[in-house]
Amino acid sequence: MDKRYWVGFNLVKGIGAVRLQGLRDHFGDLALAWQAPLDALKVAGLSSKLAERVVQIRASVDLDKYMARVAAQGISILTWEDELYPKRLKEIDQPPPVLYERGALSDEDSWAVAVVGTRRVSAYGRQVAEDVAAFLANSGVTVVSGLARGVDAIAHQSALKAGGRTIAVLGCGVDRIYPPEHMQLAEKIIASGAILSDYAPGTAPDAANFPPRNRIISGLSMATVVVEAGETSGALITAQFAVDQGREVFSVPGSILAPQSKGTNRLIAQGAHPMLSARDLLDILNLGRVTEQREVRKILPGNEIEAKLLSVLTHEPKHMDEIRNQTGLPIERVSATLVMMELKGMVRQVGGVNYVAVREDQAEYKV
């Protein structure tokens, strides 16, 4: 796969997941789309203005030189077609076609929780953010946040201090650390985690960039924890993205008189899980067996029976008898395999002998 053309279209403002997929469908290949004349781009569905922008970028950017500069900066590029592209992120509606990465993502990041909140954090919020991030890291869960001042930075720092992994998602290029005083923190994250952005290297931080990047923070994560948030906090945007993506939202309750807690208290009123203890995360998300799940995944790869069970499981609870009837497998084989699949984090028992699929990317387990 030639990533040059993915990057080329990523440099064109206005071409995101939907338009890029449209170009792929129309031309059958991004190389052909990149080389297409103006009229052909219009026929493919681009507006005159956007088609002209493609032609302009194409004429002004030498993709070979651009890719060489990116590589020289130690930046990796991931696209939808890369095996290393985060599977959980790929499940969301309109995932970013291109991600720029410093550091390295890991299979361990399949177990990730976002910890976000206000920049104007209180002493109470600081303590909670520290405790939650450290608890997650000690439990083998990757902490995801946005490297912003306040709760974000505290979450990253606490995860690192606990010896865990953390991922920062930026609203600028991965070569433009913002805020600048977090340069040293960013380097530590790169050493034991990753910094990601869907904005091309060189992109300056801009207020308009930060709300869209929040969908990546929530998209990488099984759940989002909002520690403190005012009524207009960007953390509430992340929480809404999490809801839209079908992910869990936890909110830390606070004083009804504290401005930093107005947003979090409202989230609870709207149905978010009130987080009274960091252990609430482990219980509701079934994260208490992360270490077991990782070890079992290493020694017991997927097989035909697991693939067959996954083919009939969804996010809606299904009784073991119904699973047996739909697969035609002996009940003892179904029962034993489901136990192992639960250890591997592939399914979850939700009461009685009812099971749900934990993840939608079931093809990963097919043989």
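The values are calculated or read from the model by the stated rules, or taken from the named source; none is laboratory data. For clarity, every value in this text was computed on a predicted model and none was experimentally measured. Quick reminder, even Gly has a Cβ in these numbers, built from the backbone with ideal geometry, and neighbours come from all protein chains shown.
Of note:
- T337 more than 26 Å from G219 (Cα to Cα), modelled with pLDDT of 75 or more and in contact with a Lys or Arg (Cβ under 6 Å, 6 or more places away or on another chain): no
- Test set (1) within 30 Å of V358 (Cα to Cα); (2) surrounded by fewer than 17 Cβ atoms within 10 Å (Cβ to Cβ) - Y85 fails condition number: (2)
- Considered as a group, the residues in region 45-72 that are without any contact (Cβ under 8 Å) to a residue 24 or more places away in the chain and hydrophobic (A, V, I, L, M, F, W, C) include one that is farthest from H26 (Cα to Cα), and that residue is A72.
- Some residue of region 36-44 being hydrophobic (A, V, I, L, M, F, W, C), assigned to a loop (DSSP other than H, G, I, E, B) and in contact with a Lys or Arg (Cβ under 6 Å, 6 or more places away or on another chain): no
- Every residue from region 45-79 that is more than 30 Å from the chain's Cα centre (by Cα) and among the aliphatic types (A, V, I, L, M): A51, V55, A59
- Only residues that are at pLDDT 90 or above and either within 16 Å of G146 (Cβ to Cβ) or part of a loop (DSSP other than H, G, I, E, B) (or both) were counted across region 83-108, and they come to 17.
- Picking from residues in region 309-338 that are outside any helix (DSSP H, G or I) and within 16 Å of V356 (Cβ to Cβ), the one that is nearest to the chain's Cα centre (by Cα) is H315.
- In this entry, G230 passes the filter for residues that are of a type outside the set (S, T, Y), in contact (Cβ under 8 Å) with a residue 60 or more places away in the chain and surrounded by fewer than 21 Cβ atoms within 10 Å (Cβ to Cβ).
- Looking only at residues of region 101-143 that are small (G, A, S) and in contact with an Asp or Glu (Cβ under 9 Å, 6 or more places away or on another chain), we find that the one that is surrounded by the most Cβ atoms within 10 Å (Cβ to Cβ) is G117.
- L136 vs. criteria more than 26 Å from Y199 (Cα to Cα) and within 17 Å of the chain's Cα centre (by Cα): yes
- A search for C-beta distances below 8 Å between a residue of region 1-26 that is touching a residue at least 60 places away in the same chain (Cβ under 8 Å) and any residue that is among the small types (G, A, S) and not in a helix (DSSP H, G or I), counting only pairs 6+ apart in sequence or on different chains, returns V7/A200; N10/A200; L11/A200.
- Checked against (1) closer than 23 Å to S76 by Cα; (2) modelled with pLDDT under 95; (3) not polar (S, T, N, Q), G219 meets all criteria but (2).
- The residues of region 72-82 that are hydrophobic (A, V, I, L, M, F, W, C), under 16 Å from I195 (Cα atoms) and not in a loop (DSSP other than H, G, I, E, B), listed by number, are I77, L78.
- Within the option set R176, R215, being charged (D, E, K, R), in the same structural domain as E231 (by TED's automatic domain parsing) and crowded, with 21+ Cβ neighbours inside 10 Å holds for one residue only, R215.
- Residue that is nearest to T224 (Cα to Cα) [pool: residues in region 236-268 that are in a helix (DSSP H, G or I) and β-branched (V, I, T)]: T238
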